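Any read-out appearing in this document is the output of simple, stated calculations on the displayed coordinates, not a laboratory observation. The structure displayed is predicted, hence computed values, not measured ones. All Cβ positions, even for glycine, are placed from backbone atoms using ideal geometry, and neighbour counts span all protein chains on display.
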Amino acid sequence: MARPTLYNLMRKFDLFLMMAGMLPAAASAPAPAASRPTCRAGVAGRGQTAAGFPARSRTTESTGVFMYCKSTAFRRRLPLLPLLTAMTMLLAPPHALAQADAGRLQQALSAFDDGDFRTAEAQLKDLLQRDPGLAEARLLLGRTYLQLGDGAAAEKELQRAAELGVAPNRWRLDLAEALLQQRRFEDAVTSLEEQAAALANEPAAVRAAALGLRGRALLGMEQIDEARMAFTEARRLNPDDRLAGLGLAQVALLANDLAAAAATLDGLLARFPDESNLRLLRAEVFRGVNDPEAALEQYDQILARERDNLRALLGRATVRVSLQRFADARADLERIERLRPDVVVVHYLRGVMAFYERDWETAAGHLEEVLSVQPTHVQSMLLMGVVSYARNQLQLAEEYLSRILRAMPDNIQAAKVLAATRLKLREPARAVQVLEPFSETGDPQIMALLGSAYMLAGDPERGQQWLSQAVETTPDAAALRTQLALTLIAGGRMGEAIAELESAVDLGQDVLQADVLLVLALLREGKADEAIAASTALETRRPNSPIPANLTGLALLAQGRLEPARERFERALELDPRFTTALINLARVDVAGSDLEAAEARYRRVLDQEGGNLAALLGMAALAEQRDDPAALESWLTRAQDANPGATQPGLLLARFLIERGDYVKALGVARAHAARFPQNPEVLEMLGRAATLTGDTANATRTFAQVEELRPNDPRVSYLLGGAHWKAEDYRAAATAFRRAIELRPDYLEARLALASVLLAAEDYSAAVAIARALQADYPDNQLGHRLEGRILLAAREPRGAVAALEQALAMAPAGDTVRELADAHHRAGDDARAIELLRDWTAQQPADLDSLAFLALLLQGEGRDEEALPIYLDLYEQGTENVVILNNLAWILHQRGDPQALEIAAHAYEQAPNQPEIADTYGWILFNSGRRAEGLNILQQAHLAYPSQTEITYHVAVALQSVGRGDQAARLLQRLLRDHPGAPEAPRARALLERLRGAAGD
């Protein structure tokens, strides 16, 4: 059963940021052990967390509670009574501690160290009631209030302790913490700046702690870069400062860099595995990447140590609700209520569960509790609007949802339900007013609701267009289950969609809308006869509407019955001559009958009426494609995109066309612009990822495909594309992970298995790659693919004899030129050139048109010194127009050695093809030089030498040319370097002889 839209809201919104005002600031459950850091919760205002961290933006703006923990690094506990007494005496307070008071203070300190802050608070209050002037008690009470999250009370006690003579170095950081808890960020910064001179003399750990506090205050002031600098400096001073690390992780979250946040937190957790605040934030990151199970694991680890940790209980309950594990969630909520009966968020979560269970009365009761405390809580208002809609309390739904849209005009969920409410109220014009601002989002639910609204408003043509667009859009769009079955149709779940439509369980509750979608759903499932029956029945019920006849025509067209379909479309036009949908469908009939001129005339007639009609513009583009007119095709697609900025199809088609044409850069530009308009559309993002991959922008490609994977976590093809992008970026480990995920989702995904083997091969993990090849042999015993793959892997692993065996088996199963060349290469690498040449001769005798195999044969012959046999093959390839620069280069060299003047022409052609390839440039330059064009030849030879200075033959050629033009000193230096660095090179004897001649000439 499909989950309602709020399931997705629960996943998208960080509930820690949704619950503003729901959790009293001055309360917290005690932690069980003093050795662990304790946590607190604070109430955050709009756009910020209680700790002063700006709230990370999600799908909609919200306010909330951010749970965070205070490290023990900020607690200056004094566990020994003698030390406490001695320090108190040094301070010379107005009152000396009596023995009984010292004992009570020690008891309070022990309770503090045990994490029992309520007990410590009670004992300290009792002590101070007896003697208000006890400075140490004031200081400890201030720190206790910090642990309880009561910043105002903490500030009061800390200031009193200061007045009683406690040294500033013992309270200055605690005071800043108290100001942070009250969200007085500027005051906190001022306080720290006032203490800057004194802090400069403190140890590095204390200065780091102060910088961490400053960073948190700056985050609260939304000065992100300055906060990052403060946290970074704190970590430099004290690598063990956990809150600074936590701050850097939060900065990464604000930048939506979940990977960086995860890396920072994982590094901290490796060193501080029991630090609860780190795990709380790590859980949030897991939720941000849509990994609720991993988030639950983090909460479980915290609660295993701190069973009453309120933040972890709230987080786990929230995730369990989003996963619809209601029994487990209720257990957490019951525990929270026992610990803190005043946590309003519990009502919200209970309301969400009741909503899932369609218990509207219970849901409304809990949501009313929330709104009585926090009347502007957006999520509760939205849910209350949906619940009121479901209870048919339409005026109440209108009130709540209108309030949300006034405060948050971009809230698309509120717009959808408000529009549905107005449709139920029979106010289609007001529904259109709500929906029109969202018409360019590409959201299929918006399109469906617009279609319903226009139909009810008496505009069937526009209604039909919006409904048709909705059916064609993204199949993964979320939808309320009670709305149109459109999402089910687009997602291919036709049985469910048809059942929904037949029972008229949709937001619109409109018979015509249900009938239209029912016919379209039946057609998409291939049930044309049933579709004809449904549309014919609709024609009977609505004889004056063009829509039923048009639907019948569509069903007949789907059956290939062109003339009956034409008759129904013409009937629709008789009923409404301006019903352009039928005119477009008549053009489709013309195309099916190969009458492109008639189709174009109809499309142009539509465009005369509606210049931006999407279907007509795409139809013209399709005609251009059939006519093989790429310029017109691009022009029509561009016009369609410009005229319909809310439609995804034109941009997708345009980007795909540009990619097929090889214009990758332009395709990337189109895809980027499209993704900016449709940032959550998987098809658009996938196209952006493809274009980025093809242009070499692998960082953007991997990031984009990762987004698509989040949107479609169960689509193996997306993981495959992500793996390909990682592969191109040469991140073999990440590529292998993505390919394995694709295979896990679809074990018979052959392309992914081959890609995984190739990545393992690139990473030189030969044994794992061979294992995949042999698994393919077992799974596909009649296919040569596994054997050929094994041969390639063994060749790369420098095991040519094993490769020969595998490739011989592949060749026996499926003779092919590629396999022949691979097998010949294996023989060559195994030292059996005779067998390689024999194999290629036999094959090319049977397949004389296999130019690649002929080229390989010529290369092997030349390598064996059999130039006379290689030459006719090279000449034959040249005459057939080969552009292979290696073939051209080798042919030119052989001809040059024979004094054939044609060598220069061929060498020049090779150089034109690959001027930056040193060996090609060397051949051309050497032939030029020896043809009398010495200056030109020397210039090209020197360019080749600069590109490949360690290639001895090129070096020798340059030296000869330099010597010939009277630059013997330069030639001698080159020759000396050649002989020094490569004394065993084939050119060494000639180089030595030339050097001796140069020295002799110099002596003369």
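Figures for the structure shown
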{"item": "Cβ crowding within 10 Å averaged over residues, with 262-271, 981-990, 212-221 ranked highest first", "result": "212-221, 262-271, 981-990"}
{"item": "Spin-label pair ARG338/GLN609, simplified geometry with 7 Å Cα→Cβ offset, distance in nm", "result": "7.0 nm"}
{"item": "Net charge over other residues, Cβ less than 11 angstrom from the Cβ of ARG829 (K, R count +1; D, E count -1)", "result": "-3"}
{"item": "In the stretch 671-739, the GluC sites (Glu not before Pro) that fall in loop regions by DSSP, at most 15 other Cβ within 10 Å", "result": "GLU730"}
{"item": "Charge sum, other residues only, whose C-beta stays under 13 Å from SER594's C-beta, Lys/Arg counted +1 and Asp/Glu -1", "result": "-2"}
{"item": "Normalised contact order of the stretch 110-260, rounded percent, pairs of Cα under 8 Å and 6 or more residues apart", "result": "14 percent"}
{"item": "ALA762-ARG992 pseudo-label distance in nm [points 7 Å out on the Cα-to-Cβ vector]", "result": "4.5 nm"}
{"item": "The stretch 382-462: trypsin sites (Lys or Arg not before Pro) falling in loop per DSSP and having at most 10 other Cβ within 10 Å", "result": "ARG426"}
{"item": "Gain in span if fully extended, ARG236 to THR540, counting 0.36 nm per residue against the direct Cα distance", "result": "101.5 nm"}
{"item": "Label point distance in nm, THR362-GLU864, each placed 7 Å from Cα along Cα→Cβ", "result": "8.5 nm"}
{"item": "Relative compactness, the stretch 696-815, computed as alpha-carbon Rg over 2.2 N^0.38 Å", "result": "1.12"}
{"item": "Rh by Kirkwood over Cα pairs, then Stokes-Einstein D for the stretch 532-646 at 0.692 mPa s and 37 °C, µm²/s", "result": "225 µm²/s"}
